[in-house]
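Colleague: After the structure tokens below, expect a handful of questions from me.
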Amino acid sequence: MNSGELYAAFRSDVADTAQPYLWSDEEVFRYMADAYRMFVRDTGGIADSTSDVCRIQLIAGSAWADHDPRILKFRDGATLESSGRQVELRSIENLSPSALFLKITAPGPVRYMVTGEERNKVRVVQIPVEDDAILVPVYRLPLDEPRIGQTSFEFDEIDTHHHEHLLLWMKSRAYGKQDADAFDRSKRDEYKTAHDAYCLKASAEMARQRHKNRTITYGGL
């Protein structure tokens with residue numbers, strides 16, 4: 001389903017097909033974009049290792065670097081763009097303050113990327129002596145989302161069998177609208193519960209797909 005088809009399905013499902021609409025086009029497309037983001041968030045993010053989101057620019061002399069706010073989680077396998085050298089990921093919770101202080105003040109080859117200190121930022125150890133970049137695989141939010149009135153948007157970063165289920169979150173948002181004619185607590189909670197249950201099922205499905213097959217060697221063969 002593209003955004004136009006999802007829009008039409010929403011209007012049909014909530015019986016809001018005649019103007020003046022109970023939910024404006026602006027609201028419906030806003031719910032749609034939010035549903036796309038929420039599905040991705042609730043299923044652990046989109047695996048990515050090639051887009052610009054995966055590139056963290058390093059500035060010579062600075063221990064801090066900004067990262068794209070759409071990143072939900074960093075994955076192992078980070079490398080320096082200039083040399084291909086591995087950069088270890090470290091959470092601030094797992095790095096002693098004394099070790100961090102001693103290394104963070106010294107310039108040299110970047111060895112670690114420390115996360116968890118500031119929103120949308122990482123700190124590198126050691127301080128880079130020249131401009132560079134870290135290339136890191138991530139789980140992230142969608143790169144793009146439907147805009148108001150955009151009927152040709154394709155939700156191509158998630159599998160097609162998930163598209164129709166975006167309606168669950170859209171309807172939860174719609175029935176949560178603070179309006180005497182639109183607000184319905186029972187339906188809002190019903191659709192939110194259905195959304196949560198579907199995302200849990202989809203997340204388990206994705207986890208199985210990501211699981212690496214193990215090679216079993218039998219004795220004597």
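Colleague: With respect to Val136, is the statement that it is touching a Ser or Thr at 6+ places or on another chain (Cβ under 6 Å) and over 22 Å from Val14 (Cα atoms) true?
Modeller: It is false that Val136 is touching a Ser or Thr at 6+ places or on another chain (Cβ under 6 Å) and over 22 Å from Val14 (Cα atoms).
Colleague: In addition: Among the residues in the stretch 55-66, are any closer than 16 Å to Asp156 by Cα, among the polar types (S, T, N, Q) and modelled with pLDDT of 95 or more?
Modeller: No, that holds for no residue.
Colleague: Output the number of the condition that Ala15 fails; it satisfies all remaining conditions of (1) in contact (Cβ under 8 Å) with a residue 40 or more places away in the chain; (2) under 16 Å from Tyr175 (Cα atoms); (3) of a type in the set (A, V, I, L, M, F, W, C).
Modeller: Checking Ala15 against (1) in contact (Cβ under 8 Å) with a residue 40 or more places away in the chain; (2) under 16 Å from Tyr175 (Cα atoms); (3) of a type in the set (A, V, I, L, M, F, W, C), the one that fails is (1).
Colleague: Shifting gears a bit: Counting only residues that are over 9 Å from Leu58 (Cβ atoms) and of a type in the set (D, E, K, R), how many does the stretch 119-140 have?
Modeller: 4
Colleague: Provide a single number: the residues in the stretch 1-52 that are over 30 Å from Phe74 (Cα atoms), among the aliphatic types (A, V, I, L, M) and in a helix (DSSP H, G or I).
Modeller: Going through the stretch 1-52 one residue at a time, the tally reaches 4.
Colleague: When the residues of the stretch 139-186 are narrowed to those that are among the hydroxyl-bearing types (Ser, Thr, Tyr) and within 30 Å of Ser49 (Cβ to Cβ), which ends up surrounded by the most Cβ atoms within 10 Å (Cβ to Cβ)?
Modeller: It comes out as Tyr139.
Colleague: Taking interchain pairs and intrachain pairs at least six residues apart, which have beta carbon atoms under 8 angstrom, with the first residue in the stretch 185-209 and assigned by TED's automatic domain parsing to the domain that holds Arg41 and the second among the acidic types (Asp, Glu) and surrounded by 18 or more Cβ atoms within 10 Å (Cβ to Cβ)?
Modeller: Note: no pairs meet the criteria.
Colleague: Can you name the residue in the stretch 53-93 that is part of a strand (DSSP E or B) and basic (Lys, Arg) and, of all such residues, is farthest from the chain's Cα centre (by Cα)?
Modeller: Among them, the one singled out is Arg90.
Colleague: Here's something else I'd like to know. Out of Arg147, Arg173, report the one residue that is part of a loop (DSSP other than H, G, I, E, B) and in the same structural domain as Trp23 (by TED's automatic domain parsing).
Modeller: Of the residues listed, the single one that is part of a loop (DSSP other than H, G, I, E, B) and in the same structural domain as Trp23 (by TED's automatic domain parsing) is Arg147.
Colleague: When you look at Thr193, is it out of contact with any Gly (no Cβ under 8 Å at 6 or more places or on another chain), among the β-branched types (Val, Ile, Thr), farther than 22 Å from Ser51 by Cα and at pLDDT below 95, yes or no?
Modeller: Considered against the rule, which asks whether it is out of contact with any Gly (no Cβ under 8 Å at 6 or more places or on another chain), among the β-branched types (Val, Ile, Thr), farther than 22 Å from Ser51 by Cα and at pLDDT below 95, Thr193 comes out as no.
Colleague: Looking only at the stretch 116-138, count every residue that is of a type outside the set (Lys, Arg) and buried (at least 19 other Cβ atoms within 10 Å of the Cβ) and tell me the total.
Modeller: Count: 9.
Colleague: Same structure, new question: Considering every residue within the stretch 8-17, establish whether at least one is under 25 Å from the mean Cα position of the chain (by Cα), within 26 Å of Arg210 (Cβ to Cβ) and among the hydrophobic types (A, V, I, L, M, F, W, C).
Modeller: No, there is no match, as no residue in the stretch 8-17 is under 25 Å from the mean Cα position of the chain (by Cα), within 26 Å of Arg210 (Cβ to Cβ) and among the hydrophobic types (A, V, I, L, M, F, W, C).
Colleague: Among the residues of the stretch 171-197 satisfying the criterion of being of a type in the set (Lys, Arg) and farther than 25 Å from Thr43 by Cβ, which is nearest to the chain's Cα centre (by Cα)?
Modeller: Lys177
Colleague: Going through the stretch 86-112 one residue at a time, which ones are modelled with pLDDT of 95 or more and surrounded by 13 or more Cβ atoms within 10 Å (Cβ to Cβ)?
Modeller: Passing the criteria: only Val87.
Colleague: So how many residues does the stretch 126-168 have that are of a type in the set (Asp, Glu) and farther than 18 Å from Met1 by Cα?
Modeller: Going through the stretch 126-168 one residue at a time, the tally reaches 3.
Colleague: Can you pull out every residue in the stretch 117-138 that is closer than 19 Å to Ser51 by Cβ and outside any strand (DSSP E or B)?
Modeller: Asn120, Val136, Pro137
The values are calculated or read from the model by the stated rules, or taken from the named source; none is laboratory data. Fair warning: this is a prediction, and the values are worked out from it, not measured in the lab. In this analysis, Cβ positions are derived from the backbone assuming ideal geometry, glycine residues included, and neighbour counts consider all displayed protein chains.
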